[in-house]
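Notes follow once the structure below has been shown.
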Amino acid sequence: MELVNSGYTWKMDPISIYLHIPFCKHRCGYCDFNTYAGLDNLIPEYVDALVDEIVFFAAHKSQKLNAHTIFFGGGTPSLLTISQIEKIMNAIGDSFNLTADMEVSLEANPGTVDFEYFSNIRSMGINRLSMGVQSANSIELKILERQHGYSDAILAMEEARRAGFENISLDLIFGLPNQVLADWKENLIKAFSLTPDHISLYSLTVEKGTPLEKQVKNGIYPYPDDDVAADMYEWTMDFLGENGFAHYEISNWAKISGGGEINLSRHNLQYWKNKPYIGFGAGAHSSIGGYRFSNILTPRKYINQMSEMKPNKFPRTPTSIEVQLIDKEVAMNETMMMGLRLLQQGVAKNDFKIRFGQDLEETFKDEIRELLKKELLKWGGDSNQTLLLTKRGRVLGNQVFMKFV
Ligand code: SF4
């Protein structure tokens, strides 16, 4: 029997591979990702465990799966040495059929990378960088407790280009405490001058339990102003739109080439299209073979659990926890929630019908009617057969996504 993942079969769709590298030099004050400072000594053992997990997964499938994107995320994947990255890439190459034009991304923090490092990883097949610039303003970088200065970001961009990277994305954060619209404009214009191919922008959230939350509670910084953040977002849509970038996902803009092609993140598209992906490493998430699951959170426990090699039912691995079966209803809701994030592609009636065998408008009759009435959704695309967020819906996206939880 063909294993089905939420309506997609593995025969039809290549999968995406995520690798979590949960180590950082310092934990930034706003960060609530699964990452740890001061555990660098665990990295060699962790890489071995990661390779074991990849091999374990592949060994339990009689035929190699096709994969078309790989993403080294974190944490700070650029803390791995060249030989550690090579070890992981070799394990993936032995375990999957990799498509010839595959996208292989690595998150890099300015200040942790240089020309030699970039050249080496480029020659290993990594062809996309996601650079954690976050801000071009030294006071803001201090508020965020980033370990780099903007000059490190400029240097990292220059050296990455020189090493042959033609696909570089920048991450920036807006809506910081004390940040006014003029600060954000200056930030974005400066970062834009680094000539990125893709830009991911996130509005700062003061996460529970972070040092930033404490600082805000203690009055050291004011709580970020949501209205100012909304103004920044609106201005960003205009600025990047006028400067050759397509706003293709709520938080993501991609350069439009001379031929009109959009340089979007193929790896993230896999998530937004609700297609199968496998995550390796501590805390990594997977959605594959009709199941969603995540891995045990801490690097130490992950390493220990992998060394025990406890058998687990495919597609799970010895470190998988929190397994959830994705039934049709869940898959349909998730397809809406993720797909509507894609501003031009949205959710097409026809695609929905092919995937789930039922009509989109019938399935979500009440939700769609209400969201159309509130002007948060609209019909668009070819012959008005695709459900899309309106401009208002982009700003108030959470009100839309909540309907499909
Ligand atoms: S570098 Fe990124 S992952 Fe690491 S602590 Fe800072 S925000 Fe978190």
Check: Do you know the relative contact order of segment 328-404, to the nearest whole percent, from alpha carbon pairs under 8 angstrom that are 6+ apart?
Finding: 33 percent
Item checked: Stokes-Einstein diffusion coefficient of segment 313-376, Kirkwood radius over Cα pairs, 4 °C, 1.567 mPa s, in µm²/s -> 94 µm²/s
Notebook entry, point to check: Tell me, what is the FRET efficiency for Glu186 and Lys310 to the nearest 0.05, using R0 = 56 angstrom and their Cβ-Cβ distance as r?
Noted result: 0.60
Item checked: Set Lys255/Lys378; Lys349/Lys378; Lys185/Lys214; Lys328/Lys353; Lys190/Lys391; Lys190/Lys255 screened for pairs whose C-alpha atoms are more than 18 Å apart -> Lys255/Lys378; Lys185/Lys214; Lys190/Lys391
Margin query: Tell me the mean residue ellipticity at 222 nm calculated for the chain from its helices only (DSSP H runs of n ≥ 4, each -39500 (n - 2.57), averaged over every residue, nearest 500).
Written below: -11000 deg cm²/dmol
Checklist line | Dipole magnitude (debye, nearest 20) for the chain, charges at Cβ of Lys, Arg, Asp, Glu | finding: 740 debye
Next item on the list: Would you please name the trypsin sites (Lys or Arg not before Pro) within segment 43-152 that are DSSP coil residues with at most 11 other C-beta atoms within 10 Å of their C-beta?
Entry: none
Next item on the list: Quick one: net charge around Tyr233, please, counting Lys, Arg +1 and Asp, Glu -1 for every other residue with C-beta under 14 Å from its C-beta.
Entry: -3
Next item on the list: Hey, could you get me the Stokes-Einstein D for the chain, Kirkwood radius over alpha-carbon pairs, 37 °C and 0.692 mPa s, rounded to whole µm² s⁻¹?
Entry: 147 µm²/s
Item checked: Cβ-Cβ FRET estimate between Ser123 and Thr99, R0 fixed at 22 Å, reported to 0.05 -> 0.70
Margin query: Using a Cα-Cα cut-off of under 20 Å, which lysines could be cross-linked to Lys64, ignoring same-chain neighbours fewer than 8 residues away?
Written below: Lys11, Lys87, Lys275, Lys313
Check: What list of ³J(HN,Hα) couplings, whole Hz, do you get for segment 248-255 from phi and the Karplus terms 6.51, -1.76, 1.60, once you set θ to phi - 60° and write x for glycine and proline?
Finding: 9, 9, 2, 10, 10, 10, 10, 5
Notebook entry, point to check: Lys365: net charge of surrounding residues, Cβ under 14 Å, Lys/Arg +1, Asp/Glu -1, itself excluded?
Noted result: -2
Note to self: Taking a ≥ b ≥ c as the square roots of the Cα gyration tensor eigenvalues, with a/c under 1.5 meaning rounded and otherwise prolate when a/b beats b/c, else oblate, which class fits segment 1-128?
What the structure shows: prolate
Notebook entry, point to check: Are there cysteines in the chain with no second cysteine's Cβ under 4.7 Å away, and if so, which?
Noted result: Cys24
Check: Can you give the FRET efficiency for Asn90 and Lys373, using 1/(1 + (r/R0)^6), R0 = 56 Å, r = Cβ-Cβ distance, to the nearest 0.05?
Finding: 0.55
Item checked: Relative contact order of the chain, defined on C-alpha pairs under 8 angstrom at six or more residues apart (%) -> 17 percent
Next item on the list: Can you tell me how much longer the chain between Glu362 and Leu396 gets when fully stretched, taken as 0.36 nm per residue apart minus their C-alpha distance, in nm with one decimal?
Entry: 9.8 nm
Notebook entry, point to check: When Arg266, Arg341, Arg162 are ordered from fewest to most other Cβ atoms inside 10 Å of their Cβ, what list results?
Noted result: Arg162, Arg266, Arg341
Item checked: Estimated distance in nm for a label pair at Val405 and Asn243, the labels positioned 7 Å out from Cα along Cα-to-Cβ -> 3.5 nm
Note to self: Please list, ordered by chain and number, the residues whose modelled amide H lies under 5 Å from the amide H of Asn274; skip anything fewer than 5 residues away on the same chain.
What the structure shows: none
Notebook entry, point to check: Considering only DSSP beta bridges with both partners in the chain, what is the antiparallel share in %, to the nearest 5?
Noted result: 45 percent
Check: How many angstrom lie between the C-alpha centres of segment 369-385 and segment 251-308?
Finding: 29 Å
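Since every read-out is calculated from the coordinates, none of them should be taken as a lab result. The structure displayed is predicted, hence computed values, not measured ones. Here the Cβ is made from the backbone with ideal geometry for all residues, glycine too, and neighbour counts use every protein chain on show.
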